Amino acid sequence: MMDYDAKQVTLVHVLTDSDAINGYGQEAIDGVVLIESKKFATKRYIRFLRKVSAQYDSVYKATNTDTTFQYVVNDKIQKGDFAGNLALIDNDNFLALTLLTAEELKRDYGINDKLIGILIKARRPDNLFNGKKKF
């Protein structure tokens with residue numbers, strides 16, 4: 001663990017018992033720790049959102065990056081290190097995605113520096129630390 005830059009880690013999953021063995025075989029009988037980097041989490045949530053929303057896929061294809069996007073999950077603006085929050089959205093908790101214009105972002109959220117708003121509705125994951133603040 002000392003070899004990892006904590007600033008690049010966004011999620012840590014600990015698997016024990018049958019979850020570890022089912023996923024990684026008998027060698028994982030004592031458990032497994034999965035460390036997810038911000039880069040990997042970002043790729044994961046972009047891939048998921050492109051799959052579930054043709055609109056998102058279209059604007060992402062046009063820009064090939066999400067740096068001009070402002071993510072808003074359940075009316076909570078995602079700031080700073082949010083990749084882990086978005087990476088937790090999956091088929092089980094995803095409800096809807098709506099694109100917002102720059103004008104809507106400014107009017108509804110006071111955001112002036114992004115071109116596209118990505119408004120996501122999702123159920124809050126049960127095990128999310130500080131989940132009420134993030135989702």
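The values are calculated or read from the model by the stated rules, or taken from the named source; none is laboratory data. It should be emphasised that the depicted structure is a prediction, and the values quoted were computed from it without experimental measurement. Positions of Cβ are backbone-derived with ideal geometry, glycine not excepted, and every protein chain shown enters the neighbour counts.
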Within region 81-106, restricting attention to residues that are over 16 Å from the mean Cα position of the chain (by Cα) and acidic (D, E), which residue is farthest from I120 (Cα to Cα)?
-> E103
Hey, does region 14-29 have a residue that's under 16 Å from the mean Cα position of the chain (by Cα) and at pLDDT 75 or above?
-> no
Complete set of residues in region 59-94 that are of a type in the set (A, V, I, L, M, F, W, C), touching a residue at least 60 places away in the same chain (Cβ under 8 Å) and not in a helix (DSSP H, G or I) | V73, L88
Residue ID - nearest to G80 (Cα to Cα), chosen from residues in region 35-58 that are part of a helix (DSSP H, G or I) and polar (S, T, N, Q) | T42
For Y45, which of the numbered conditions (1) in contact with a helix residue (DSSP H, G or I) (Cβ under 6 Å, 6 or more places away or on another chain); (2) surrounded by fewer than 12 Cβ atoms within 10 Å (Cβ to Cβ) fails to hold?
-> (2)
Would you mind finding the one in K51, K61, K76, K132 that is over 30 Å from V14 (Cβ atoms), of a type in the set (D, E, K, R) and out of contact with any Gly (no Cβ under 9 Å at 6 or more places or on another chain)?
-> K61
Which number in (1) at pLDDT below 95; (2) surrounded by 14 or more Cβ atoms within 10 Å (Cβ to Cβ) marks the one condition that R50 misses?
-> (1)
